Amino acid sequence: MTETSPLLEVKNLSKRFPGVLALNNVSFDLRAGEVHSLVGENGAGKSTLLSCINGLQKPSEGQIYLSGQKTEFNNPVDAIRERLSMVHQELVLCPNLTVAENIFLGREPKRRGGLKDVVRLENDARKLLDRLRVPIDPSRKLGLLSLNEQQIVEICRALAADPKVIVFDEPSASLNDDQVTHLLQIIHDLKAQGLGIIYVSHRLKEVLDISDRITVLRDGQIVATETAENLNERRLVSLMVGRESKPGESTYSHRDLGEVVLDAQQIGNQQFQDISFSLHKGEILGIAGLLGCQREAVIRALFGAQKIDSGKLVIHGREQRFRSPHDAIENGVALMAADRKQDGLVLSMTVEDNISLPILDRIRSFGFLRRRSLTEVTREMIELLAIKVSGFAQKISQLSGGNQQKVVIGKWIARKSDIIIAEDPTRGVDVGAKFEIWRAIQSLADEGRSVILLTTELEEMMMVCDRIVVMARGRITGSFQRDEFSAEAIAHRFFV
Amino acid sequence: MSMAPLIQTDVGTVQRSSAHMLLRDPLLWLIIAVVVIGALTSPYYLTPLNIANTLRNTAAIGLLSLGMTSVLLTGRIDLSVAATMVFSVIVGVVVTVEIGALLGERWLVRGNSFAGPPGLVIMITILTGITVGVLNGIGVAYLKVASFIMTLVTLTALRGLNYILTNGHPYYLRGSTFDWIGDSVYFGVPTGFLIFISTLLVLLFFVTRTVAGGRFYAIGGNEVATLYTGIKTNRYVVLAFGISGACSALAGVVLTSRLKSVDAPLGSGYELTAIAIAVIGGVSLAGGVGSPLRAMLASVLFAATLNLLGIWGVSTWYQNLTIGLALIIAVGISSIRRRIIEQ
């Protein structure tokens with residue numbers, strides 16, 4: 001194993017987080033002049049593996065070898081120094097600086113006395129841009145470039161460190177088809193120049209196109225590493241999804257749906273286009289999709305936090321144009337944001353205070369709070385949702401994640417919102433609490449409220465939803481009734 | 001095609017465009033407009049004495065806004081500039097007097113007048129300013145205190161210390177150096193203004209020509225990105241506050257040399273004026289955008305306008321109202337412009 005030792009080799013890597021095994025005994029290798037792709041569902045462990053390779057996180061067990069040499073990175077800067085660069089999914093650039101300054105940030109050519117060498121800076125940048133064959137002016141401000149061009153600048157920055165390995169973490173998530181073609185061309189060139197490339201993407205077609213080998217991750221384990229020729233989309237999806245999961249578990253109970261309460265008619269803005277669906281009274285509707293499918297933007301638009309430029313949004317039979325979340329809330333639309341600590345709760349306040357926040361204007365007379373109604377509402381919610389608290393005056397910050405989430409749900413029930421948009425309500429809660437949250441959401445629907453649900457895990461969505469709409473790249477690509485649910489069929493629509 | 005001519009044309013465009021941009025700068029035209037209006041409405045506005053006075057008034061407030069600019073560029077704010085300005089001079093005087101006492105000299109004479117060596121006072125003043133700035137910077141960068149809080153605390157503490165150190169009485173400053181800084185005029189330009197312009201040139205050179213200065217913009221533009229490239233961002237934040245402290249101290253020297261005295265409550269509210277000037281000069285409160293040069297233009301505009309209002313007999317209260325309104329409008333315009341650029 002002297003001359004043939006791979007550029008990068010990961011051996012028996014495991015990463016443990018409290019209560020979770022994010023990576024389980026993963027081995028992976030990359031040769032020079034090879035594109036090796038990583039695919040897997042959200043939460044399969046791709047990001048964790050990349051952060052371990054890149055030095056952002058430390059593996060719990062296992063080793064990483066670079067050109068046969070054992071290495072340990074303490075941070076991404078170490079990795080860059082050892083000639084391993086990463087192109088991030090989100091652009092990590094300074095919009096106020098020029099293209100050249102961004103590319104060489106932290107590695108600027110200097111003249112004596114720490115002076116800038118603008119001429120050399122721009123020439124070096126131009127050389128790199130030429131290498132990728134893109135006509136971007138190095139002296140332009142980065143903020144003036146299109147997303148695609150910024151992505152290319154990001155790639156140049158990775159190249160500026162003269163890496164042997166480049167990791168692309170979903171570089172195509174925000175690009176359109178032409179731009180993706182261009183990106184793939186660039187990667188192809190880099191590969192021809194002898195670099196090793198790790199490519200992570202949700203778009204299976206381009207993965208199959210560009211890769212030499214593909215590794216499939218599921219639940220933190222590697223399920224397959226195969227050459228791209230031996231794989232096709234169908235096989236990849238079934239490897240990623242794994243078992244056929246069984247819908248109809250425990251929490252679901254059949255309900256009769258009522259009239260349409262929310263009707264989106266071809267709504268669109270810069271991030272999504274032509275979104276149409278209707279939500280019935282008592283229905284739980286899931287919106288499934290991978291990172292970058294813009295479902296988050298859609299629900300924010302329904303909640304008035306983003307503008308809708310085209311199409312019609314009809315709520316309770318009346319066309320609505322929400323100008324702010326306040327308008328949406330007035331019309332009975334509630335959003336439970338994924339980041340409950342940041343967007344959903346005031347951590348330093350009590351359970352009672354939090355539940356009553358959205359209804360303060362209803363339980364006051366002449367500007368004074370009616371304490372008794374406050375207590376009543378709180379008791380009602382605590383009983384309805386089985387929230388475990390030591391008292392109404394307990395601080396929210398002392399509750400477990402699951403109970404905090406229930407308080408968020410309780411807040412909007414108390415407000416009598418009848419369209420509740422729940423974004424990843426089980427994020428960061430343990431298994432037992434998950435079950436209770438699903439029950440709570442189920443009971444919302446039983447009471448005749450309608451729920452739009454986003455979760456990271458498709459399986460969870462299939463457990464509770466009446467219907468699932470699938471989105472990809474800002475468009476709806478499929479719709480499934482409960483009796484048609486199949487993880488594989490739904491996952492296929494992710495990649496349209 | 002060879003590379004050499006390509007490079008030359010590049011440099012040429014850069015230079016031409018910066019001169020071009022200065023001419024197109026609305027601030028310059030606003031200054032000209034104010035001067036023209038002043039000349040038309042008052043026979044005194046363009047007298048050498050009034051011009052010198054206006055420039056003198058520009059100097060101190062302009063120096064404060066230069067320091068403010070360097071901090072704002074990194075996406076922070078420094079509310080302590082005015083308090084630091086006064087504090088530095090007071091420390092300069094008090095410490096010099098103590099040194100004098102050690103040497104057996106009485107440098108504080110009858111009527112609280114300081115009669116020691118001004119050079120020593122100025123040196124200690126500047127060192128004090130830098131120290132205060134660096135401490136602010138350490139609090140903000142390493143202890144992760146929000147700069148707003150950190151410098152507000154510094155402001156309050158220093159204002160208190162100022163009274164303690166002066167016992168509530170002003171110190172009067174005597175000495176030829178103070179007279180030179182405060183009163184002398186070269187070709188119609190007062191020394192204080194020359195100090196301001198020299199500082200501007202140094203700062204301008206630093207932020208536009210050195211790699212280290214470029215980091216201020218990077219940090220203000222995207223701190224995480226800057227950190228990820230391996231740049232030790234904290235050091236640059238401390239440096240920015242240090243520069244702000246130094247500028248404050250210089251402002252203190254210029255201002256007190258003119259007044260020939262230093263008093264604890266001197267310059268109250270100047271921090272807001274400094275912010276106003278920086279923002280009017282196009283420095284973004286969000287960080288990463290702005291130029292000391294335009295901050296200088298803004299301070300000239302500001303002083304010229306206030307001077308004109310004074311000549312017209314508008315009372316100080318209305319002048320303060322004007323400062324407030326100008327700040328609101330400037331912040332409004334800059335945030336609208338940013339939104340337009342983002343779209």
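Numbers at a glance
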read-out	value
Helical mean residue ellipticity (222 nm; -39500 (n - 2.57) per DSSP H run of 4+; nearest 500) of chain A	-9500 deg cm²/dmol
For the protein assembly as shown, with +1 on Lys and Arg beta carbons and -1 on Asp and Glu, the positive-most of A:G289, A:L7, A:P358 along the dipole	A:P358
Computed over chain B, Cα set: Rg, Dmax in Å	21.0, 77
Accessible area (Å², per residue) of chain B, counting only protein heavy atoms and a probe of 1.4 Å	47 Å²
C-alpha long axis of helix B:211-221 to longest principal axis of chain B, angle in °	80 degrees
Gyration tensor verdict on region B:118-263 (Cα atoms; rounded if a/c is under 1.5, prolate if a/b is larger than b/c, oblate otherwise)	oblate
Amide hydrogen neighbours beyond the local backbone of A:V223, cut-off 5 Å, H modeled	A:V216, A:L217, A:R218
Rounded if a/c under 1.5, otherwise prolate or oblate - region B:200-281, Cα gyration tensor axes	prolate
DSSP beta bridge pairing in the protein assembly as shown, given as percent antiparallel to the nearest 5	60 percent
Chymotrypsin sites (Phe, Trp or Tyr not before Pro), loop per DSSP, at most 15 other Cβ atoms within 10 Å - longest free stretch of chain B	B:188-311
Globularity index of region B:277-332, i.e. its alpha-carbon radius of gyration over 2.2 N^0.38 Å	1.21
Beta bridge orientation in chain A: antiparallel %, DSSP, nearest 5	60 percent
Calculated on alpha-carbon atoms, Rg and Dmax of region A:260-494 in Å	17.6, 57
Choice from B:G287, B:G252, B:G100 with maximal GNM fluctuation in chain B (Cα, 10 Å cutoff)	B:G100
Estimated translational D of chain A in µm²/s (Stokes, Kirkwood radius over Cα pairs; 10 °C; 1.306 mPa s)	64 µm²/s
The protein assembly as shown: translational diffusion in µm²/s, Stokes-Einstein, Kirkwood Rh over Cα pairs, 4 °C, 1.567 mPa s	42 µm²/s
Cα Rg, Dmax, region A:8-241, angstrom units	18.0, 60
log₁₀ of I(q)/I(0) at q = 0.19, 0.26 Å⁻¹ - region A:432-484, Debye sum with one point per alpha carbon	-0.72, -1.14
J(HN,Hα) series, region A:213-227, from Karplus relation 6.51 cos²θ - 1.76 cosθ + 1.60, nearest Hz, glycine and proline x	10, 10, 10, 9, 10, 8, 6, x, 10, 7, 9, 6, 10, 9, 6
Cα-based convex hull volume of region A:214-323 per residue, rounded to whole Å³	155 Å³
Karplus-derived 3J(HN,Hα), 6.51/-1.76/1.60, for each residue of region B:47-54, Hz, glycine and proline x	5, x, 4, 5, 4, 4, 4, 4
DSSP-defined beta bridges in region A:8-241 - what % are antiparallel, rounded to 5	60 percent
In Hz, Karplus ³J(HN,Hα) per residue of region B:28-38 (6.51, -1.76, 1.60; θ = phi - 60°; x = Gly, Pro)	4, 5, 5, 4, 4, 4, 4, 4, 4, 4, x
Interchain or long-range residues, amide H under 5 Å from A:G62's placed H	A:S14
Using alpha-carbon coordinates, inclination of helix B:316-342 to the longest axis of chain B, degrees	30 degrees
Interchain or long-range residues, amide H under 5 Å from A:L262's placed H	A:L279, A:H316
Three principal axis lengths of region B:81-161 [C-alpha, angstrom, descending]	45, 21, 17
Above-threshold pairs, the threshold being 19 Å between Cα atoms, out of A:K141/A:K191; A:K116/A:K141; A:K15/A:K406; A:K11/A:K46; A:K58/A:K164	A:K141/A:K191; A:K15/A:K406; A:K58/A:K164
Solvent-accessible area buried by pairing A with B, both sides, nearest 100 square angstrom, 1.4 angstrom probe	1900 Å²
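The values are calculated or read from the model by the stated rules, or taken from the named source; none is laboratory data. Computed from a predicted structure; not experimentally measured. Cβ: placed from backbone, ideal geometry, glycine included. Neighbour counts: every protein chain shown. SASA here: full protein model, heavy atoms, side chains in, ligands and nucleic acids out. Shrake-Rupley method; radii C 1.70, N 1.55, O 1.52, S 1.80 Å.
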